[in-house]
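Notes for the one structure printed next.
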Amino acid sequence: MEKKFIVVGVSGGIAAFKACQLVSDLSKKYDVQVIMTKNACNFVNPITFETLTKKKCLVDTFDRNFEFKVEHVSVAKACDVFVVVPASANVIAKFANGIADDMLSTTMLACNKPRIICPAMNVNMYENPATQHNLETLRNYGYTIVEPGVGYLACGDEAKGRLADLEDIKEAISIALHEDKPLAGKKVVVSAGPTMEAIDPVRYITNHSSGKMGYALARAARNMGANVTLVSGQTSLSKPYGMTTISVTSAEDMYQAIVANQDADIIIKAAAVADYTPVEVATQKVKKSDSDMSIPLKRTKDILKYLGENKRANQVTCGFAMETTNLEEYGNEKLTKKNADMIVCNNVLVEGAGFKGDTNVITIITKDGMKRAIKDTKENLSYIILEELIEILKTKEGN
Ligand code: PMT
């Protein structure tokens with residue numbers, strides 16, 4: 001497959017140094033062209049980008065050293081996504097007002113592809129009504145703005161204006177690259193990660209879920225256009241860009257968060273939820289003694305079952321089944337018992353499947369049959385699962 005073509009515009013601000021890392025990361029996966037403003041060249045030398053992209057870095061519209069084509073138009077036409085990192089107050093003002101007086105602004109004006117603006121500047125410049133008005137204008141023109149973060153700014157202030165995390169910028173690019181949006185207008189809720197059931201202020205019962213499977217599903221649903229709510233147990237993963245994330249700890253917290261969002265069109269329960277929780281949580285640390293001990297446990301609420309019992313006609317619910325034997329038999333049992341539309345089974349004893357890794361091996365069970373042992377990355381499997389769920393949703397909606 002031909003590599004996607006990403007144009008990275010770099011304008012004059014200290015955060016230009018972060019664009020080097022971004023361009024380096026993007027170049028591993030995409031064909032990247034960098035365009036710099038003259039002011040940006042005061043912060044980073046174009047040679048840095050030329051080395052990273054193996055391509056001439058464009059700065060001057062009237063440079064005569066390239067093959068004959070109208071360079072700003074041909075670049076604008078060829079690109080799949082145009083991202084400006086960092087976007088200074090000055091270039092934002094130019095883009096918002098249709099000013100085209102250098103290579104970056106001219107190419108931007110000629111571009112009708114997805115455009116992403118990543119502002120970075122001093123807080124007063126960012127909060128200035130003129131900048132806010134210009135950003136609003138760009139939003140109305142269909143640009144995506146990846147909001148700056150709060151933190152230490154080069155001017156010494158601790159405030160909003162820091163370039164967004166590079167991971168968020170990369171995620172905004174992957175959303176823009178995913179042209180197919182079959183879930184546009186739909187709400188998708190995904191649960192991910194483990195639950196933790198407190199024994200006392202020091203100890204808890206949990207499991208090995210890293211959250212990777214659920215996070216991959218949430219990202220794929222977001223890329224397919226859905227409005228996503230991720231209900232996440234405690235994981236070491238960072239909050240994904242472009243969705244609402246609700247952080248929970250126990251099975252009861254997860255139940256409350258899912259129930260509050262049960263208006264979703266599709267609910268996917270990839271979380272590994274505790275089936276049992278201590279009857280009582282000790283308020284002080286339980287002291288050890290020389291004898292053995294046992295902790296009385298009670299059942300948690302079965303969230304997937306609750307969803308099955310309270311399902312709307314056009315709603316789709318999908319559970320996972322983590323098994324070590326009789327995958328299909330137990331999966332089918334869960335499909336019926338929990339009135340789910342799909343159960344995705346995985347066996348932790350199979351190589352490349354289950355907890356923590358980047359891959360999984362899944363068997364998809366629906367009322368219409370079964371797809372066995374599909375092995376792939378959790379990212380790719382997420383699209384396969386969602387495509388199946390979309391078909392079920394379409395059937396329910398009569399489309
Ligand atoms: O997070 P990773 O490290 O990437 O690992 C992914 C995974 C192995 C956790 C994932 O692929 C997976 O299998 N998740 C479900 C694990 C599990 O709890 O399976 P189960 O068979 O015990 O539960 C069946 C279904 O009922 C699940 O959808 C579960 O979310 C749901 N459930 C379970 C108990 C409960 N009290 N409420 C529930 O809703």
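So Lys338 ticks every box in (1) within 10 Å of the ligand (Cβ to nearest atom); (2) within 16 Å of Leu389 (Cα to Cα); (3) not hydrophobic (A, V, I, L, M, F, W, C) but one. Which box is left unticked?
(2)
Among the residues that make up segment 28-35, is at least one of them hydroxyl-bearing (Ser, Thr, Tyr) and not in a loop (DSSP other than H, G, I, E, B)?
No: zero hits.
Report whether or not Ala192 is within 28 Å of Val32 (Cβ to Cβ), at pLDDT 95 or above and touching a helix residue (DSSP H, G or I) at 6+ places or on another chain (Cβ under 8 Å).
No, not satisfied.
Listed here are the residues, each with its yes/no results for (1) assigned to a loop (DSSP other than H, G, I, E, B); (2) among the small types (Gly, Ala, Ser); (3) touching a residue at least 60 places away in the same chain (Cβ under 8 Å).
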| position | (1), (2), (3) |
| --- | --- |
| Leu217 | no, no, yes |
| Ala221 | no, yes, yes |
| Thr229 | no, no, no |
| Thr235 | yes, no, no |
| Ser238 | yes, yes, yes |
| Gly242 | yes, yes, yes |
| Thr249 | yes, no, no |
| Ile258 | no, no, yes |
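Does any residue in segment 304-319 that is under 8 Å from Asn339 (Cβ atoms) come within less than 6 Å, Cβ to Cβ, of a residue that is near the ligand (Cβ under 8 Å from one of its atoms) and in a helix (DSSP H, G or I) six or more places away or on a different chain, and which pairs are these?
Thr317/Leu307
With the condition kept exactly as written, say whether any residue in segment 89-108 is in a helix (DSSP H, G or I), modelled with pLDDT of 95 or more and touching a Pro at 6+ places or on another chain (Cβ under 7 Å).
yes
Looking only at residues that are within 16 Å of the ligand (Cβ to nearest atom) and assigned to a loop (DSSP other than H, G, I, E, B) in segment 280-316, which one is nearest to the chain's Cα centre (by Cα)?
Ranking the qualifying residues of segment 280-316, first place goes to Gln315.
Could you tell me which numbered condition Gly151 fails, if it satisfies all but one of (1) in contact with an Asp or Glu (Cβ under 8 Å, 6 or more places away or on another chain); (2) surrounded by fewer than 16 Cβ atoms within 10 Å (Cβ to Cβ); (3) touching a residue at least 12 places away in the same chain (Cβ under 8 Å)?
(3)
Exactly one condition in (1) modelled with pLDDT of 95 or more; (2) away from the ligand (no atom under 13 Å from the Cβ); (3) of a type outside the set (D, E, K, R); (4) loosely packed, with under 15 Cβ neighbours inside 10 Å is not met by Gly352; state its number.
Result: Gly352 passes all but (2).
For the list (1) surrounded by fewer than 24 Cβ atoms within 10 Å (Cβ to Cβ); (2) farther than 17 Å from Lys356 by Cα; (3) under 13 Å from the mean Cα position of the chain (by Cα), I need the number of the one condition that Val202 fails.
(3)
Would segment 280-294 turn up any residue that is of a type in the set (A, V, I, L, M) and within 17 Å of Asn207 (Cα to Cα)?
No, segment 280-294 has no match at all.
The values are calculated or read from the model by the stated rules, or taken from the named source; none is laboratory data. Here the structure is a predicted model, which is why all the values come from computation and not from measurement. For neighbour counting, all protein chains shown are included, and Cβ atoms are generated from backbone atoms with ideal geometry for every residue, glycine included.
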